[in-house]
Each structure stands twice: as structure tokens, then as C-alpha cells.
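Inspection log for the structure reproduced underneath, given as C-alpha cells.
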Amino acid sequence: MKKDRITTTTTKAAETIKTDLLVYFAVEAKGKMPACDVAVEPQVKKAFELKDFSGKAAEQILFYPPPGSNISALRVLVLGTGPVNKEKETGTALDMLREAGGEVAKVCASVKAKDVAVCLPTSKHLSPAISDPELSAGALAEGIILGDYRFEKYKESTKKKTDYPGLGAIEFVCKEDPDIVCQGIEKAKNSAFAACTARDMANEPGNHWTSADFAAYAKQLAADTGLGYRCLEKKEMEQMGMGGILAVNQGSYVPARMVVLEYLPENRTETILLVGKGLTFDSGGISIKPSEGMQEMKYDMCGGAAVMCAMHAVALEKPDVGVVAIVPATDNMPGSRAIHPGDIITHYNGVTSEVINTDAEGRLILADALAWGIETFKPTCVLDAATLTGAVIIGLGHHYTGLVSNNDALVKAVEAAGNLAGEPVWRLPLNKNYEKQIESKVADIKNTGGKPAGTITAAAYLSNFVGKTPWAHLDIAGTAWDFTKKAYIPKGPSGTATRTFINLVRNWKTGKVK
Ligand code: BES
Ligand code: MN
Ligand code: ZN
């Protein structure tokens, strides 16, 4: 993740800016000349008349100002956004802008631009749904930063390395509301940076990202930002009776850790608890997974990455509401000390569980984290994000995060936050019928409920550890990687849920969720 990229906002005339690439947007207008800045109207008009360009999403005009031109940039790009003037739904329209930002990053990579200047579309070209310049500028900026992501840390040979390190500077040129635009771009920097860092953590392989790395990262973040940090080590968890995370950790030689980041302002009236599955490699344990595709299970910590990285934005933005993130972190390995199928364990809150399948391990580590976190921080609500079930991919594909909750108001808030982020969620039901599926003959519950409704029975398991606290469970197994193809999401981990959580905190209203 590039930390040294400079992002600025300016009100000076775009033509005067010396840059590798100057970008204008053109908004599709159904059969009519696309709406764009007067500076590029002649080119757009000509291209439109030739039927080369109509402003459709990702359509491009790239030209090179000749010597003597009043434009100082080396190249000029006019990029189609699609019909964002028609979209009535804020989330959809914002995501079109975010995708346009992603396309900008792609063009920058193809011409190896070191810097770019981006002329923000004016409100008259956008639909009322996104005429808020903070949101529209923010979405574009997020799209560029998220689209400029690359992970080449382990490419040593210069032959294998691409010779483009990504953008060094992004300058946003705005004609209206510079102060509000600046705010939008500051927020976009925070959220996009957080999501890119979550992608970095996920890209790290199982041998380079363990529970110790989660702890070290959190400790450093706390030192840098003033967040509170603590980490429950294996010994403490043994004394505390956290039988779930310890059971999963039995086959591993890296001790499990429960990593905590706290943002608890003194005048807070409410606290949001975020819990993320930090399973740094999921082999399945004794119920071992097939070897084909097993390498992808290094991504099984994406929920943990999302909550931890969201805390960075929280630390910078200092909301009124308190926010705490907990990452139960371990890998899931077979070995002579590993748990056996059939073993019975006791969770932190005393609930006993029969481990039918050691590969249903995520719920075991989340259970202790949820029970302990709720007891310790007494939050207004709790949200968890976890790559929990393959079943969610069967149900929703890679397009929606699965959502299970015991609270309608919280569902509304999560849906809104997800839509604003371009990370939609879809709620699934939970009731007694599903809870029945995980009844055990020998313990309080068992850790699998059979094939039917695998995502819901996993949530039913977790529901035993949240009590009456408003709770939302996000199953991100389908969206944490291989997410819906979008210009700002590269192949590999998406960083999903990070920006949803940041939006949720930003838009939190006291008293809404009870
Ligand atoms: N981490 C996996 C879930 C997963 C599967 C994520 C595929 C992404 C892609 C989880 O720990 C798991 O193994 N779940 C099992 C549960 C089953 C044994 C009840 C699954 O979904 O198969
Ligand atoms: Mn598993
Ligand atoms: Zn797993």
C-alpha cells in the first residue's frame, strides 16, 4: 500500500496544471451529446458526431495537446461515467463515479502516469441523488485510490515486477464548494486507505501474516493514532475459559491471540463493537479441506482485517460514538494436538459445543470474542464480519454480503452504509427452525447444521453468544475476494466491509438502534 501518495484539491484553472494526465468526465445523456466541461466540448462533440463516444461508462477519448496549446498537461482524458444524471438511487450513482475513478487509475497505469489532475464534474451534470459534492468527489477519489492498488511486495526479480509503482500524486480540480469537496476527499483518503491496507493484510500469505502480525499491526496503529490497544495472550485466554479459540488453535504452533483496538472518547453515549474473523489460514484442521484451492484460505482473515483497518479511519475522524474492534486470531491446522471431530468444548460464556466438523472453526473463535466483547464493553450494538461459509457463495454469489441480524433498525443502518460504499448486503432470516438444526445430543449446541441453509445455521450458532444485544453478522465469504467485477476492485482481496463499517460509524445516530 502506497503511503506517500499526495492527494490535494485545487481551484486553479485546469488548463494551467502541468501533469502527466488531465482528466475530464462526460456524463452519458441517452442519445444526446454527453454533458461535460466546456474545455473539452469541441472534442466530445466531434467524437459524439462520429459515433465514437457517447459517455458510456469507461468510454474514453485520449488526446495529446499540441505544442502551443493552452493546455499544460501531457495528455488529456475524457472518460465516460455512464448516465449518473439519471440514477435515482444514491448508492448506485455513487458507485458509477467510484468505477469511473477506477477507470482513471487503469488509464494512469497504461500510460504510466506519475501524477494525475482530475476535474470534478459539476453538480449540474449529476443527478440530485449525488449532487452533494462531498459524496460525489469522495466517490471519485475513493475509486482512484482503490483502483490504484497493487501488491508487489514479494516480486523480487525486476523482470517479474511491473515498472509502474502507481500514482505519486492526485490533484482534484474543483469549480464549486472547495471546502466541502476537500472534506469529501479527506474522508475518501481515510476510507480508501483503510480498505487498501485490509487488502494488503489479506494478500500476505499464511506464513507472513499470523496472529502475531495482527497484534503487532494493532499495537503500532495504537501508538501512531492514540487508540487503546490490548491483546489477550494464550495464557490469559486459558485462564478466562475461551474454549473456542483455544480449541481451533490446538493444532497450531503459533499461539492464538485476541487483539483489541479501542476508541472510547470520554463523552460518548454509545459504543459500537466490531468483531472480525482473523483466521490467518484455514486448512480445515482434521476435517481437512481438499487441496485444490486451499491456498485461498489465507484470505480467511479478511473480516479481522476489515475491522482493524476501519479503526484507523475512526482514529483519524474521531466520531462521538465509541468504537471497539476485536480480532480473534489463529490459524486452523491439523496436528497431533488438534481438536478431533466429536470433541466437546466450553465457550467463554459457558455454552458447550460439540465440534462435528473442525472446518466450521470461524464460529468457534467468534463465539468467544462476541461473548467477551459484549460483557467487557457493554456495546449499544455489535457487528461481526467473517468469511464464514461457502454456502453464502451458493446463495448470493459474489455480489452480496450475507447479513443475519436480530434487529431491524441495525439492518437498515448496515444496508445504508453498505449501499453508500458499493458493498451491498442481503438479509437472510433467522428463527427457531434454524436454531433446531444445531441442537446436539450431547452438548448445548453443535457446530454444524448440515447442508441446508449453512449460512443461517452458522449465524444461529453465533446468536448463542450475543444475548439481547442488537447484532448484525456479515458473511463476507463471497465478497472478501472474487468480488463482483468493478473497475476499482483488482483481482484478489477486495477489502470489503472496511468502508461499510466506516460509513456506519460516520452516519451513526444515537438512539436509533435499541
Ligand atoms: N473459511 C471457511 C468458509 C469459506 C469457504 C470461505 C469458501 C470462503 C470460501 C469456513 O471456515 C468453512 O470452512 N466453512 C465450512 C463450514 C461447514 C464445514 C459447516 C464450509 O462453508 O464449508
Ligand atoms: Mn473452515
Ligand atoms: Zn474458515
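Things worth noting here:
- Against the list (1) touching a Pro at 6+ places or on another chain (Cβ under 9 Å); (2) under 30 Å from ILE6 (Cβ atoms); (3) within 16 Å of ligand 3 (Cβ to nearest atom), the condition ASN203 fails is (3).
- Selection within region 6-35: residues that are within 30 Å of MET201 (Cα to Cα) and buried (at least 18 other Cβ atoms within 10 Å of the Cβ). The member of this set that is farthest from the chain's Cα centre (by Cα) is THR9.
- Test: residue in region 399-407 that is out of contact with any strand residue (DSSP E or B) (no Cβ under 6 Å at 6 or more places or on another chain) and of a type in the set (A, V, I, L, M, F, W, C): no
- Cβ pairs under 9 Å, 6+ apart, first in region 337-353 and farther than 28 Å from THR376 by Cα, second surrounded by fewer than 17 Cβ atoms within 10 Å (Cβ to Cβ): PRO341/ASN357; GLY342/VAL442
- Pick from region 116-142, criterion surrounded by fewer than 19 Cβ atoms within 10 Å (Cβ to Cβ) and charged (D, E, K, R), ranking: modelled with the lowest pLDDT: LYS124
- Given (1) open to solvent by less than 40 Å² (accessible area, probe 1.4 Å); (2) near ligand 1 (Cβ under 10 Å from one of its atoms), index of the condition ALA306 fails: (2)
- Taking each residue of region 227-245 that is without any contact (Cβ under 8 Å) to a residue 40 or more places away in the chain and charged (D, E, K, R) and looking for partners that are buried (at least 16 other Cβ atoms within 10 Å of the Cβ) and assigned to a strand (DSSP E or B) with beta-carbon atoms closer than 6 Å, six or more apart or interchain, yields ARG230/VAL260.
- Residues satisfying the stated conditions in region 256-290, i.e. more than 14 Å from ligand 1 (Cβ to nearest atom) and either loosely packed, with under 15 Cβ neighbours inside 10 Å or farther than 22 Å from ALA198 by Cα (or both): LEU264, PRO265, GLU266, ASN267, ARG268, THR269, GLU270, THR271
- Test: residue in region 464-480 that is closer than 24 Å to GLU317 by Cβ, surrounded by fewer than 23 Cβ atoms within 10 Å (Cβ to Cβ) and touching a helix residue (DSSP H, G or I) at 6+ places or on another chain (Cβ under 9 Å): yes
- Some residue of region 124-132 being among the hydroxyl-bearing types (Ser, Thr, Tyr), closer than 18 Å to ALA57 by Cβ and not in a helix (DSSP H, G or I): yes
- Scanning region 483-514 for residues that are out of contact with any strand residue (DSSP E or B) (no Cβ under 9 Å at 6 or more places or on another chain) and within 16 Å of ligand 1 (Cβ to nearest atom) yields a single hit, THR484.
- Among the residues of region 146-172, just one is surrounded by 13 or more Cβ atoms within 10 Å (Cβ to Cβ) and without any contact (Cβ under 8 Å) to a residue 24 or more places away in the chain, namely GLU152.
- Evaluation of GLU354 against (1) among the charged types (D, E, K, R); (2) more than 15 Å from ligand 3 (Cβ to nearest atom); (3) under 30 Å from the mean Cα position of the chain (by Cα) (one fails), failing number: (3)
- Counting only strands (runs of 3 or more DSSP E) that sit wholly inside region 359-440, those with at least 1 residues that are within 11 Å of ligand 1 (Cβ to nearest atom) and of a type in the set (A, V, I, L, M, F, W, C) are 381-386.
- Looking across ALA443, ALA416, one residue alone is closer than 27 Å to ILE356 by Cβ and out of contact with any helix residue (DSSP H, G or I) (no Cβ under 7 Å at 6 or more places or on another chain). It is ALA443.
- For the criterion of being of a type in the set (Val, Ile, Thr), open to solvent by 10 Å² or more (accessible area, probe 1.4 Å) and either in a strand (DSSP E or B) or in contact (Cβ under 8 Å) with a residue 40 or more places away in the chain (or both), ILE356 passes.
- With respect to being closer than 25 Å to ALA202 by Cβ and within 16 Å of ligand 3 (Cβ to nearest atom), GLY418 falls outside the description.
- The set of residues in region 314-353 that are in a strand (DSSP E or B) and either within 30 Å of ALA222 (Cα to Cα) or of a type in the set (D, E, K, R) (or both) comprises GLY322, VAL323, VAL324, ALA325, ILE326, VAL327, PRO328, ALA329, THR330, ASP331, ASN332.
- Helices (runs of 4 or more DSSP H) within region 203-304 that include 3 or more residues closer than 22 Å to THR346 by Cα: 234-240, 243-249
- In the condition set (1) among the hydrophobic types (A, V, I, L, M, F, W, C); (2) within 11 Å of ligand 3 (Cβ to nearest atom); (3) buried (at least 23 other Cβ atoms within 10 Å of the Cβ), VAL327 is compliant with all but (2).
- Breaking point among (1) open to solvent by less than 10 Å² (accessible area, probe 1.4 Å); (2) more than 15 Å from ligand 1 (Cβ to nearest atom), for ARG337: (1)
- Each residue in region 61-104 was checked for being over 20 Å from GLU423 (Cα atoms) and surrounded by fewer than 16 Cβ atoms within 10 Å (Cβ to Cβ), and 12 pass.
- Breaking point among (1) within 23 Å of PHE377 (Cβ to Cβ); (2) of a type in the set (Phe, Trp, Tyr); (3) within 16 Å of ligand 2 (Cβ to nearest atom), for TYR229: (3)
- Members of region 36-46 found to be open to solvent by 30 Å² or more (accessible area, probe 1.4 Å) and either part of a strand (DSSP E or B) or polar (S, T, N, Q) (or both), listed by number: GLN43
The values are calculated or read from the model by the stated rules, or taken from the named source; none is laboratory data. Small disclaimer: the values here were computed from a predicted structure and weren't measured. For neighbour counting, all protein chains shown are included, and Cβ atoms are generated from backbone atoms with ideal geometry for every residue, glycine included. Please note that ligands, DNA and RNA were not included when accessible areas were found on the heavy atoms of the full protein model with its side chains. Shrake-Rupley method; radii C 1.70, N 1.55, O 1.52, S 1.80 Å.
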